[in-house]
1. Under 10 Å, Cα contacts only: if you run a Gaussian network model on the chain, which one of L42, L84, L12 comes out with the highest mean-square fluctuation?
2. For the chain, build the convex hull from the C-alpha positions and give me its volume per residue in Å³.
3. Can you tell me which of A106, A133, A143 moves the most in a GNM of the chain? Springs connect C-alpha atoms under 10 Å apart.
4. Tell me, what is the FRET efficiency for T47 and L99 to the nearest 0.05, using R0 = 25 angstrom and their Cβ-Cβ distance as r?
5. Mind giving me the nanometre distance, one decimal, between the label points for F21 and W110, set 7 Å out from Cα along Cα→Cβ?
Amino acid sequence: MAMILGLVASMLYEVAARYIFNAPTIWAYDVSYMLNGALFILAAGLTLTKNNHVRIDFLSSRLKPPTQHLINAIFYLVLFLPALGFVTRSSIIAAWSALMTGEVEAISPWAPVIWPFNAAIAIGLAALWLQAAAETLRHILGARDASAARAPGVSLPH
C-alpha cells in the first residue's frame, strides 16, 4: 500500500510540475515504472494465495475436483515451478550483480541505481515460487483426497 501511495504522490507531483510550473522532472518516469513493476511482482504471491489469478478453466472446471487437482499438480511440477525457479534464480543473480557493480539505469537521463528494483523483482519472484510450491502440495493432497484441499478455482475471501 505504501508503494501505491508513493506512485500516486510521484505522479501527482510530476503532473503539477509539468503542467502548472512548466518544469517536468527527470525522475518521474523511472520512479513510476519501478514502483509499478515492484508492486505488481510483489503482489503475485499473495494473489496466488487467494487464488485470484486469471485462469482459463472452461474445460477443467467440468472435471471432478480430484482430477482438477491432479492436472494442476502436474502443471506446477512439470512446467511452472521449474520455469519460475529459473527466472527467480536469474533475477537474484541480476539483483546481486547490480548491487555489487553499482549498475544504473542505462536509458534514463536520471540514471538511478537499479539494484532496489531488481531486488524487489527477485523477492517477489521468490515469494511467488514459494507460494507455487505450497499450491503444488495442496493440489497433490487434493488429488489424493478432494476434501483435504480447497477446490481449484475457489477464491479465498478478501
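1. Among L42, L84, L12, the largest mean-square fluctuation in the Gaussian network model of the chain belongs to L12.
2. 137 Å³
3. A106
4. 0.35
5. Result: 1.4 nm between the two label points.
None of the figures in this text is laboratory data; all of them are computed from the coordinates on show. Everything quoted here is computed from the prediction, not taken from an experiment. All Cβ positions, even for glycine, are placed from backbone atoms using ideal geometry, and neighbour counts span all protein chains on display.
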